[in-house]
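The values are calculated or read from the model by the stated rules, or taken from the named source; none is laboratory data. Values in this document were obtained by computation on a predicted structure and should not be read as measured data. Neighbour counts are summed over all protein chains in view; Cβ atoms, including those assigned to glycine, are modelled from backbone coordinates with ideal geometry. Note: accessible area is taken over every heavy atom of the protein model, side chains too, but ligands, DNA and RNA are not part of it. Shrake-Rupley method; radii C 1.70, N 1.55, O 1.52, S 1.80 Å.
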Amino acid sequence: METVTGTLYIVPTPIGNLEDMTVRAVRVLKSVSCILAEDTRLSGILCRHYDIATRRMSLTEHNSPMRIPWILQQLRDGSSIALVSDAGCPGISDPGGPLIREVVLASLPLTVLPGPSAVTTALLGSGFLIDRFVFEGFLPRKGRVRSAMIQAFHSEERTILLFESPVRLCATLKDLAAVLGPGRRAVVARELTKIHESWHRGSLGDLAVFFEEFPPRGEMVIVIEGADVVKPTLDAASVADQITVALKSGMKVKETARLVAAQTGLPASQIYQLALRLKSSL
Ligand code: SAM
């Protein structure tokens, strides 16, 4: 008889409030042969709360290279397995990414359950535009990569999300304010879904001052509003003036087109046609 291949279920779990477990997530965790957990003792709290007696096995960043071949074999042999992390979505700044990649590469069945994440929860409550956003996880603590990432946020028009620890929050807000400007609007979303949940909204500068005075505790996400990049507005008369000045200085039409295109950001071909017409009337 042919063995039916097992499925790897990706199961998000609550980020603080145990009630955020879905009915489907509980059913799947009860039905699989094994739950792969970041910290088996922590996921034990969730399992006890929902009477889930399934065997738990640890899957961490360190042991996953050793465990993955065994997991793939279990799936091939017909056992279904669930992957959870300590909180939220496995794989998002949590172990799980390499296993998911290997399961996809091996064309084994994979089912993703939708569920809680600090990323979407903070994004939805930020009040900023959320049609487009960038999530960078934890910034490097120091060094050139950190500086380059912060520099890139300066002109980033999409809403930006970062994870940060309470001990580093103030330093990160200060670094962000120094490069993005103290007036750039941001939100610090703390202890989401928990008893002491709080949302701190303001400018990067004000938030840095506030958290210096009141050092934060708990877990937090920083959400930064996208840059309001001002697009240069050009009126036809000023473009024509620039072309005329260039032509009168003795520049050729082609040179003029190149120069004014660089000055205005308009296509050189468009400037060239305009310059030809203006030259004939000089
Ligand atoms: N995989 C998780 C998810 O999808 O939410 C994220 C895990 S990451 C290791 C942990 C970080 O997520 C924390 O340092 C914090 O930045 C953020 N986080 C997790 N739970 C949170 C909560 N309840 N409130 C605010 N931030 C939270």
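Couple of notes before you dig in:
- Think of it as helices only: each DSSP H run of n ≥ 4 in the chain is worth -39500 (n - 2.57), and spread over all residues that comes to -13500 deg cm²/dmol at 222 nm.
- Shape call, region 79-234: gyration tensor on alpha carbons, a/c limit 1.5: prolate
- Part-to-part distance (alpha-carbon centres) for region 14-58 and region 223-282, which is given in Å: 63 Å
- Entry note: the chain has Rg to Rh equal to 1.19, where both radii use alpha-carbon atoms and Rh is the Kirkwood radius.
- For region 186-264, the Cβ-based charge dipole about the Cα centre amounts to some 580 debye (Lys, Arg positive; Asp, Glu negative; other atoms uncharged).
- Normalised by 2.2 N^0.38 Å, where N counts its residues, the alpha-carbon radius of gyration of region 95-182 equals 1.35.
- Mean accessible surface per residue for region 182-282, computed with a 1.4 Å probe while every protein chain stays in place, in Å²: 62 Å²
- For region 79-85, the Karplus equation 6.51 cos²θ - 1.76 cosθ + 1.60, evaluated at θ = phi - 60°, returns couplings of 8, 8, 9, 10, 10, 10, 10 Hz by residue, with Gly and Pro reported as x.
- Distance in nm between pseudo-label sites at residue 212 and residue 63 (7 Å out along the Cβ direction from Cα): 4.5 nm
- Interchain or long-range residues, amide H under 5 Å from residue 184's placed H: 204, 205
- The share of accessible area on the chain that comes from carbon and sulfur is 55 percent, using a 1.4 angstrom probe.
- Between the residues 82, 133, 57, the greatest Cα displacement towards the positive end of the dipole of the chain, with unit charges on the Cβ of Lys, Arg, Asp and Glu, is found for 133.
- FRET efficiency for residue 101 and residue 79, using Cβ-Cβ distance with R0 set to 25 Å, rounded to 0.05: 0.80
- Phi-derived couplings, Karplus 6.51 cos²θ - 1.76 cosθ + 1.60 at θ = phi - 60°, listed residue by residue for region 123-137: 4, 5, x, 5, x, 8, 5, 10, 5, 9, 8, 10, 10, 10, x Hz, with x used for Gly and Pro.
- Applying 0.36 nm per residue to the separation of residue 27 and residue 2 and subtracting their alpha-carbon distance, the gain on full extension is 6.4 nm.
- Solvent exposure ordering (accessible area, 1.4 Å, most first) of 172, 5: 5, 172
- Amide H within-cut-off set for residue 133, under 5 Å, with H built and near neighbours excluded: none
- Close lysine pairs were tallied over the chain: pairs 8 or more places apart or on different chains with Cα atoms under 30 Å apart number 11.
- The chain: antiparallel DSSP beta bridges as a percent of all, rounded to 5: 50 percent
- Highest average first, the peptides 235-242, 52-59 ordered by how many other beta carbon atoms sit within 10 Å of their residues are 52-59, 235-242.
- Across region 190-198, rounded Karplus estimates of 3J(HN,Hα) from the backbone phi angles (6.51 cos²θ - 1.76 cosθ + 1.60, θ = phi - 60°) give 10, 6, 4, 6, 9, 4, 9, 4, 8 Hz, Gly and Pro being marked x.
- Taking amide H positions as modeled 1.01 Å from N, with prolines and chain starts lacking one, the residues under 5 Å from residue 56 and 5 or more places away or on another chain are 35.
- Dipole moment magnitude, nearest 20 debye, region 16-92 about Cα centre, only Lys, Arg, Asp, Glu C-beta charged: 320 debye
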